Amino acid sequence: MAILVDENTRVIVQGITGFQGNFQTKRMLDYGTKVVGGVSPGKGGSTVHGVPVFNTVEEVVDATDANTSIIYVPAKFAYDAILEALDAGLDLVVSVTEGIPLYDEMKIQKKLREVNSKLLGPNCPGVISPGKSKVGLLPDRSFTPGNIGIVSRSGTLTYQIAENLTKAGIGQSTVVGIGGDALPGLTFVDILQMFEEDDETKAVVLVGEIGGTAEEEAAKFLKKMSKPVIAFIAGKTAPPGKRMGHAGAIIEGNTGTAESKINALKDAGAIIAETLLDIVNKVKKMI
Amino acid sequence: MAMRLHEYQAKRIFSKHGIRVPKGEIAETPEKTREIAQKLGGRVVLKAQVLVGGRGKAGGIKKAESPDEAEKIASQLLGSMIKGHKVEKVLVEEALDIKKEYYVGYIIDKNRRTPAIIFSKIGGMDIEEVAAKHPEEIHRIYFDPLWGLQDYQVRTALFKAGFSKEEYSEMFRIIKTLYEIAFKYEAELAEINPLVITSNGFVAADARLNVDDNALYRHPELESLRDATEVDDLEREARLKGLNYVRLSGEIGIIANGAGLAMTTMDLINIMGGKPANFLDTGGGLADPTKMKMCLEHVIKDENVKVVFINIFAEITRCEKVAEGIILALEETNRKIPLVIKLVGTNEELGKKMLREYAERSNAEIHFVDSVEEGARKAVELSKEV
């Protein structure tokens with residue numbers, strides 16, 4: 001099964017003629033991902049690595065059976081590209097772009113409440129179901145098929161954790177980077193729920209970071225979850241004082257610190273890993 | 001990330017939009033402080049312009065009864081450190097005749113994913129404490145970012161909170177203005193605490209404005225305020241170079257690609273008993289060797305640094321480019337600093353070979369490690385040797 005992406009995922013790349021889009025299209029094709037089309041306004045009719053290019057998302061959706069989009073466009077234009085994808089009715093939209101303004105993201109959040117599409121990101125590395133499909137820029141070498149789900153707010157840290165598991169002979173069902181932005185589309189809770197319902201996933205590794213309340217929210221859901229969750233929080237020793245003024249504190253209370261996150265997760269039944277290698281050891285014990 | 005403006009900068013913006021602020025001016029010398037105090041009639045408040053919370057409790061806000069006293073206090077405040085931040089400017093303001101203190105703030109509630117106005121009749125003191133102990137005293141207005149803050153929403157909240165007729169119209173105007181400022185500059189936070197009620201009306205005794213870094217290209221007028229908002233020279237320089245660098249007080253330099261990986265590296269060093277000198281996330285762009293060169297050069301500019309742990313998960317970046325950058329930096333420095341390197345990615349053997357050969361011919365000390373744990377342990381060990 002896996003979650004979000006599998007053999008049936010048919011991807012379009014928005015911004016396919018740009019440097020990143022072009023390069024990542026090649027890498028996804030090499031991995032076996034079904035890339036059925038690309039979008040680049042004004043470049044419709046051309047091809048990139050054999051993939052047909054269209055002027056708009058609407059055109060490519062009409063012409064192909066695409067159900068997923070990955071967006072490689074600069075931050076200034078990402079807002080428009082994301083809305084275009086969401087309005088075209090795709091199941092999943094993956095936004096890699098970093099640095100999208102917060103006020104643009106607030107409007108995207110509003111749009112997400114009106115459509116059925118899911119948004120992964122922004123500012124995320126994407127998602128991979130090893131051996132089936134990869135929609136994003138995760139390095140192939142770090143992953144191997146198996147039964148562990150990983151959900152994370154980080155990029156390279158996630159690859160490192162997956163690679164440690166792979167080296168120890170532990171494969172993954174799906175690895176999801178939800179991204180580091182303050183206003184993400186899919187959250188820990190959404191992904192945990194999908195893993196809980198996925199036959200192929202036996203246990204989940206949750207990789208969190210200090211700041212925000214995503215991990216505290218995840219902890220609330222963990223109480224309802226039957227599968228084991230191993231959690232790791234980055235930034236435990238970061239110096240305090242990075243909170244956003246009084247109003248931020250009013251909203252978040254004492255949440256946001258590593259301590260608050262670890263306590264919440266522990267109370268909800270998660271197994272806390274202290275170091276990266278500890279994650280491998282604790283996962284081993286679980287399976 | 002947010003760019004935080006200094007109080008005096010935020011006050012200028014608030015004032016320009018019609019929110020009353022105390023009369024005052026900024027001073028960088030005791031003499032200038034005296035001059036301003038004289039102009040303001042003698043009784044003044046001196047406020048250190050540092051971007052830290054709890055500034056008042058840390059001694060950063062002082063009252064003076066005369067220009068003489070103001071000059072004397074300024075000579076103590078200027079150049080002093082408040083919670084690790086050097087005081088370079090003081091805001092000299094007229095002393096207010098305070099009848100009451102309220103709180104008004106604007107924030108984006110990340111959980112609800114909407115903007116919110118927050119206000120309270122209890123202000124000035126620790127508003128977090130008020131929120132925790134008397135949540136009923138904190139009033140909130142959540143509103144749709146596309147529709148914007150509607151008059152009826154403000155009206156409803158103000159009537160509910162029981163404001164008197166005299167105060168109602170001022171509160172209404174201030175809330176709407178704060179909302180307009182926040183949306184105009186794409187603020188993450190806009191705050192007046194305390195909002196002081198004097199016999200002459202409402203005055204913003206303090207002001208805070210944090211704006212979204214990612215939207216600064218739409219507000220070039222704010223970019224010019226930036227230089228004054230950073231304190232540490234190395235941090236300021238790092239920002240100009242586009243590096244995500246935070247200076248810490250230890251001796252182990254950290255360079256990693258990705259914030260999560262960099263934080264984990266910092267954590268492991270701390271767990272193993274070492275002291276990180278900095279946090280540095282290189283971000284992307286490592287395909288160009290000059291990026292790594294710039295990062296390493298920057299980290300070893302900090303004279304406390306005794307050893308540097310470079311932790312790169314190069315994904316698609318070719319490791320020989322990373323190695324090239326490291327070598328370029330080492331070639332140009334006079335400092336002899338041992339490096340611990342964890343390098344993973346395309347052509348990693350080639351990258352390591354280049355570094356090994358360089359170390360041999362130039363007598364540089366480079367240790368290769370296979371896990372982040374091993375690297376942290378090695379870096380801690382080296383930091384205690386030298």
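Couple of notes before you dig in:
- Among the numbered conditions (1) more than 13 Å from chain A (Cβ to nearest Cβ); (2) in a helix (DSSP H, G or I); (3) out of contact with any His (no Cβ under 9 Å at 6 or more places or on another chain), the only one that residue B:238 does not meet is (3).
- Remark: residue B:83 falls outside the filter, which requires a residue to be farther than 30 Å from residue A:215 by Cα and either surrounded by fewer than 18 Cβ atoms within 10 Å (Cβ to Cβ) or not acidic (Asp, Glu) (or both).
- Being surrounded by fewer than 21 Cβ atoms within 10 Å (Cβ to Cβ) and either acidic (Asp, Glu) or over 32 Å from the mean Cα position of the chain (by Cα) (or both) is a condition met by no residue of segment B:304-315.
- Contact annotation: residue pairs with Cβ atoms under 7 Å, 6 or more positions apart or on different chains, pairing a residue in segment A:203-215 that is under 18 Å from residue A:183 (Cα atoms) and free of Cβ contacts under 8 Å to residues at least 60 places away in the same chain with a partner that is among the polar types (S, T, N, Q) and assigned to a helix (DSSP H, G or I), are A:207/A:158.
- Given (1) buried (at least 17 other Cβ atoms within 10 Å of the Cβ); (2) farther than 17 Å from residue B:252 by Cα; (3) of a type in the set (A, V, I, L, M, F, W, C), number of the condition residue B:380 does not satisfy: (2)
- Residue within segment A:70-92 that is of a type in the set (Ser, Thr, Tyr) and within 17 Å of the chain's Cα centre (by Cα) present: yes
- Extreme residue, modelled with the highest pLDDT, among residues of segment B:280-303 that are closer than 16 Å to residue A:239 by Cβ and surrounded by fewer than 24 Cβ atoms within 10 Å (Cβ to Cβ): B:302
- Residue count for segment B:129-161, restricted to those that are away from every other protein chain (no Cβ under 14 Å), more than 28 Å from residue A:108 (Cα to Cα) and hydrophobic (A, V, I, L, M, F, W, C): 3
- Taking helices (runs of 4 or more DSSP H) as the structural unit, those lying wholly within segment B:1-94 and holding at least 1 residues that are within 22 Å of residue B:222 (Cα to Cα), in contact (Cβ under 8 Å) with a residue 60 or more places away in the chain and under 19 Å from the mean Cα position of the chain (by Cα) correspond to B:7-16.
- Test: residue in segment B:271-285 that is within 14 Å of chain A (Cβ to nearest Cβ), assigned to a helix (DSSP H, G or I) and closer than 19 Å to residue A:258 by Cα: yes
- Within the option set B:109, B:97, being closer than 18 Å to residue B:206 by Cβ and at pLDDT below 95 holds for one residue only, B:97.
- Leading residue by the ranking (modelled with the lowest pLDDT) among those in segment A:240-265 that are surrounded by 14 or more Cβ atoms within 10 Å (Cβ to Cβ), more than 9 Å from chain B (Cβ to nearest Cβ) and assigned to a helix (DSSP H, G or I): A:260
- Look at segment B:245-269: where a residue is surrounded by fewer than 24 Cβ atoms within 10 Å (Cβ to Cβ) and a partner is among the β-branched types (Val, Ile, Thr), sitting 6+ places away or on another chain with Cβ atoms under 7 Å, you get B:251/B:305.
- Any pair with Cβ under 6 angstrom, 6 or more apart, that starts in segment A:129-152 at a residue that is within 13 Å of another protein chain (Cβ to nearest Cβ) and ends at one that is of a type in the set (Asp, Glu): A:139/B:315; A:142/A:163
The values are calculated or read from the model by the stated rules, or taken from the named source; none is laboratory data. Note that the structure is a prediction, hence the values are computed from the model and not measured. Using ideal geometry, Cβ is built from the backbone for each residue, glycine included, and neighbour counts are taken over all protein chains shown.
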